[in-house]
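Let me begin by handing over the structure; questions about it come next.
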Amino acid sequence: MNKKDLRTILLVEDSMADAEMALDALGEAHLANPVVHVEDGVECLDYLYARGAWASREPGDPAVVLLDIKMPRMNGLDVLTQMRGDERLRRIPVVILSSSREESDLARSWDLGANAYVIKPVDVDQFFEAVRTLGQFWAVLNQAPEKD
């Protein structure tokens, strides 16, 4: 399997501190998959639909989208709603990474079709371990369906 076959991990996170921690953790997981970081839901959809700034990106869907809920312009739940409503995007695994412990956010994420919901721990080591494990599972171990 060459580098071209490796699918991207898409990190959607508006907090630069959280994004840097997640990127470091994914780097420490020694995944060969490229990681792309975008800062809000609008940019996430631009990436998924390969439009705007992402119009010339390599074709192909990400292995997983790590999605923050609370972001400016367009939040994570709106992104998830749009992805699950689109035939082409609805099978892409989405892991919600949220600092929200609100039951309503949790329930809504599952109702909308999130594949996992991880509460961002305040503890840096826990956060590292969570993201590392997520990256390994979704990018390496998870078996995605073949394209129809």
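The values are calculated or read from the model by the stated rules, or taken from the named source; none is laboratory data. Nothing here was measured: the structure is a model prediction, and the numbers come from that model. Cβ atoms come from the backbone with ideal geometry, glycine included; neighbour counts cover every protein chain shown.
State which residue is nearest to Ala53 (Cα to Cα) when the search covers only region 30-41 and only residues that are modelled with pLDDT of 95 or more and out of contact with any Pro (no Cβ under 9 Å at 6 or more places or on another chain).
Val38
Need at least 2 residues that are touching a residue at least 40 places away in the same chain (Cβ under 8 Å) and closer than 24 Å to Phe127 by Cβ per element, so show me which strands (runs of 3 or more DSSP E) inside region 1-96 make the cut, counting only ones lying wholly within it.
Qualifying strands (runs of 3 or more DSSP E): 9-12, 64-68.
Considering (1) touching a residue at least 12 places away in the same chain (Cβ under 8 Å); (2) closer than 19 Å to Thr8 by Cβ; (3) in a helix (DSSP H, G or I), say which one Asp105 fails and leave the rest.
Of the numbered conditions (1) touching a residue at least 12 places away in the same chain (Cβ under 8 Å); (2) closer than 19 Å to Thr8 by Cβ; (3) in a helix (DSSP H, G or I), the odd one out for Asp105 is (2).
OK, next. Determine which member of the set Arg101, Arg91 is more than 17 Å from Leu48 (Cα to Cα) and surrounded by fewer than 19 Cβ atoms within 10 Å (Cβ to Cβ).
Arg101
Any idea which of Gly85, Gly27, Gly60 is of a type in the set (Gly, Ala, Ser) and either under 24 Å from Ala107 (Cβ atoms) or at pLDDT 95 or above (or both)?
The unique qualifying residue is Gly85.
Taking region 8-65, which residues are farther than 22 Å from Arg91 by Cβ, buried (at least 17 other Cβ atoms within 10 Å of the Cβ) and not aliphatic (A, V, I, L, M)?
Glu13, Asp14, Asp18, His37, Glu39, Asp40
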